[in-house]
Every structure is written in structure tokens, then in C-alpha cells.
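One structure is given below, encoded as C-alpha cells.
Read-outs throughout are calculated quantities, based only on the coordinates presented, and are distinct from any laboratory measurement. Source: prediction; values computed, not measured. Cβ atoms come from the backbone with ideal geometry, glycine included; neighbour counts cover every protein chain shown.
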Amino acid sequence: MRSGSGRTWILGSATLALMVWIGGALACAGARPEAPEGPAAAEAAVRRADMALAMGQAEAAAAGYREALELDPASGAALLGLARSLAQLGDATQALALYDALATGHPSRFEALGPRELCAVLGAAIEARMAEASAIEALAVAGRVSELGCEGRISAGSLARVHRAAAEALAPGHASDAIDHYREAIRLEPQPAEVFIAAARLLIAEGRRPEALDLLIRGLGERSESTALKEFAVEILAGS
């Protein structure tokens, strides 16, 4: 009896242990893994956004990169991805601001970028400002051409339009600055006769008649067909 009861006790204990083990295994199998947080979650969000951007889904990608930045504000990958996605969406001004933030917070990642990428965004930002009729703001953006190594990558015509628009905006109260921008526009690209006339008028108003005559001579050399330029030159010579 004693030995039989001992076997019963042993078997009962083993059964109980087995049931406890099975229950624990089932609980583990049914438990969901904890969601990653912070940088790990941000990396996962960046990977999803990278895939969306590669598939041409820039809007979805931008949302993904923003999610990643909320999870990890220090994520350079998310910052760069958001800049690229906004550039694809046509928001070049905001994209350029994000590239600036990348240069400040993640200089090594910024320096690894090719000039083609940065200069394309810079050019688009210039055109965006011009489309908004913000000549002075466009001029400020254009002033970064050398800083970003974009000489020769931004069209001379685009820069000439910026300088001409800036000259027209500055002429009423800042004649000397306006003259400088007219000269830069003329240097960058052949200009119509009215640009030479406008610059010459400012020079005369500033008491710089010899410079005005020199500019008109150049204009006549480039726009010899312009009757208005010839008549203005005759008027200036008659008043000398």
C-alpha cells in the first residue's frame, strides 16, 4: 500500500508539472511581442517610408518619415528621407530647410550627399520663390549657389531672372543695389533693351552719367535692333 501510494504521488506530481509547463507554453505562444519603441520603432518606420518613396509614393513616404521623427527626433535617416519626399512633392522651400537642418545636426550624412541632389532642390526653391513673386527671398536663396557648390548647376537664365526681379523691386528706394543687380543680370545672360534703359536711368539719377553711357553702348552692341535703346541713347547724349 505504501509503495503504491508513493507511485501515485509521483505520477500525480509529474502530471501537475506537465500541466503547468503546457500552460506556460501556451501562454507564451499566445502572448504578443511587445512593440518596439523609440529609435527601434523609428528605424522600422524609416524602412517602410523608404519603400514607399522607392515606389513613387512620396506622400505616404513623407507621412512615414514624420512618424519616425516623432518616435526619434534625432533620426538623421528620417530627416533626409522627409527632405527627399518633400522635394518630390514640389515643396522645395521646406525641403531645403530640412537639408539645412541635416547639415547642422548630421554633418557627415549631409556631406555624403552629391551636389546634384542639393543643387536640384536649390534650383527648385529659387523657382518657387520667383513663382510667388518674392524676388528678394529668391535672391537670398540664389545667394547660396556658391555655398552649396552649385556653380554651373543652376542655369544662368534662372539666376539672371532673379537679379532682374530683385533690381526692379529695389529700384524705388535702393538705386545703387538695383544697379548692381541689373549689371549682374546683364552679365549672366543677354537682356532685353528695357533692362539697359532701366539701369541707365538709375545711373543718371545717381549722378553716374559716364557709367550710364558705357552701359548704353554695351546695350546697343547687344540690341542694335532696338529703336527705344537708340532713342534713349540720343536723348542722353543730347543732355550731356
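If only the Cβ of Lys and Arg carry +1 and only the Cβ of Asp and Glu carry -1, the dipole of segment 42-113 around its Cα centre is close to 120 debye. Counting other Cβ atoms within 10 Å as a rough exposure proxy, the listed residues ILE179, ILE154 run ILE154, ILE179 from fewest neighbours to most. Shown is the FRET efficiency for HIS174 and MET51, computed with R0 = 45 Å from the Cβ-Cβ distance and rounded to the nearest 0.05: 0.35. The shape of segment 42-113 comes out oblate: with a ≥ b ≥ c from the C-alpha gyration tensor, a/c is at least 1.5 while a/b does not beat b/c.
Per-residue 3J(HN,Hα) values for segment 202-215, derived from phi via the Karplus relation 6.51 cos²θ - 1.76 cosθ + 1.60 with θ = phi - 60°, read 5, 4, 5, 4, 8, x, 10, 4, x, 5, 5, 5, 4, 5 Hz in sequence order (x marks Gly and Pro). Applying 0.36 nm per residue to the separation of ARG109 and ARG153 and subtracting their alpha-carbon distance, the gain on full extension is 13.7 nm. Which residues among segment 137-181 fall inside the zone where the amide N is under 12 Å from a point 7 Å beyond the Cα of GLU222, along Cα→Cβ? Only 157, 160-161, 164 pass the distance filter. Between ARG66 and GLU231, full extension at 0.36 nm per residue minus the direct alpha carbon distance yields a gain of 53.4 nm. The protection proxy used here, the mean number of other Cβ atoms lying within 10 Å of each residue, ranks peptides 231-239, 170-178 as follows, highest first: 170-178, 231-239.
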